[in-house]
Amino acid sequence: MQIDINEFIELVKSVKPMFLNHTEAEHVTVKGRADFVTQVDIRVQEYMRNELSKRWPDVQFMGEEKDNSDIDFNGAVWILDPVDGTTNLIHDFKDSALSLGLCEQGQVTLGVIYQPFLDEIFWAQKGKGAFCNGKPIHVSDTRKLEDSLVAVGTSPYHRDLTEENFNAIRCIYEHCVDIRRMGAASVDLAYVACGRVEAYFERNLKPWDFAAGKIIVEEAGGRVIDIKGSSANAMAPSDIIAGNGYIEEDIKKLLIERRIQ
């Protein structure tokens, strides 16, 4: 599918005023424990869906705030998280992002992650490398977990996994420099891609959480795998370890040793 990447980036960046609207961020609906939706989520999703359908009417649309039961991944699909890090947005933390991926015949071919509060936009196209604000990016070249900074997620929608998750996080923490918890999967993946962290681990992610980030990490020279070591499937809920080609393997081995699978 032919896409003018510069035009596409400008479309994504046009959502910035919606993110900065504090009034709409304060209109919150509770979907579940630690699971919220604001008017910003709804407005951004509606806007992007309309704009994408005008430009590419034959491409399906998967969004976090809609029923996606009719999606056929044998065709082309946009995969959108309008606001990744909604809890951050509500509490005025700046780690929130729009995450948009394009899946074609079961493969992610384009990914964009935009952080309006920092004015950083990460993107990648299959076979064309990864970029942040127009500059090429690459994963860290750190080879040892003991020298690595690792981002983690706590799977807040799955409190039944709390003990197992924190055992895994503790295991990673015991072997690395330190851990970070950004609260937005797409941001964690973008930071792996540009080398700010060496790896990222989280369980129970949905396609809109990591489809865009997966291709950005891969085009930046890294890998996104599941706990068993296979390439993570961006079309289905997954437990993932993203890394620079070295550190994700160390984390995988640790988790297997601790029987966290």
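The values are calculated or read from the model by the stated rules, or taken from the named source; none is laboratory data. Remember, predicted model here, so these are calculated numbers, not experimental data. Cβ coordinates were reconstructed from backbone atoms using ideal geometry, including for glycine residues, and neighbour counts include every protein chain displayed.
Scanning segment 74-100 for residues that are of a type in the set (Ser, Thr, Tyr) and buried (at least 20 other Cβ atoms within 10 Å of the Cβ), we see that the one that is farthest from His22 (Cα to Cα) is Ser99.
One line per residue, one yes/no per condition, for (1) within 30 Å of Gly106 (Cβ to Cβ); (2) in contact with a Leu (Cβ under 7 Å, 6 or more places away or on another chain); (3) of a type in the set (Asp, Glu); (4) modelled with pLDDT under 95:
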position	(1), (2), (3), (4)
Pro136	yes, no, no, no
Leu149	no, no, no, no
Ala168	yes, yes, no, yes
Arg181	no, no, no, no
Ala184	yes, no, no, no
Phe201	yes, no, no, no
Lys206	yes, no, no, yes
Ala211	yes, no, no, no
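Among the conditions (1) touching a residue at least 40 places away in the same chain (Cβ under 8 Å); (2) not in a strand (DSSP E or B), Thr109 misses just one, which is (2).
So, restricting to strands (runs of 3 or more DSSP E) that lie completely within segment 144-261, which ones have at least 3 residues that are under 20 Å from the mean Cα position of the chain (by Cα)? Please lay out each step first, then the result.
Details: elements: 149-152, 178-180, 199-205, 223-225, 238-243.
Per the criteria, 149-152, 199-205, 223-225, 238-243.
Here is the figure for segment 131-143: residues that are out of contact with any helix residue (DSSP H, G or I) (no Cβ under 6 Å at 6 or more places or on another chain) and either assigned to a loop (DSSP other than H, G, I, E, B) or of a type in the set (Phe, Trp, Tyr) (or both) total 9. Elements of the type helices (runs of 4 or more DSSP H) sitting completely within segment 1-49 and holding at least 2 residues that are among the aliphatic types (A, V, I, L, M) and modelled with pLDDT of 85 or more: these cover 5-13. If you check Thr109 against the conditions, is it assigned by TED's automatic domain parsing to the domain that holds Ser238 and either closer than 19 Å to Glu218 by Cα or not small (Gly, Ala, Ser) (or both)? So Thr109 fails the test. Within segment 54-73, can one find any residue that is in contact with a Phe, Trp or Tyr (Cβ under 7 Å, 6 or more places away or on another chain), among the charged types (D, E, K, R), crowded, with 17+ Cβ neighbours inside 10 Å and closer than 28 Å to Thr154 by Cβ? Yes, that holds for at least one residue.
May I ask you to say which residue of Val177, Val192, Val187 is without any contact (Cβ under 8 Å) to a residue 40 or more places away in the chain, under 30 Å from Arg259 (Cβ atoms) and of a type in the set (A, V, I, L, M)? Write out each step before concluding.
On the way: Val192 fails: without any contact (Cβ under 8 Å) to a residue 40 or more places away in the chain; Val187 fails: without any contact (Cβ under 8 Å) to a residue 40 or more places away in the chain.
The match here is Val177.
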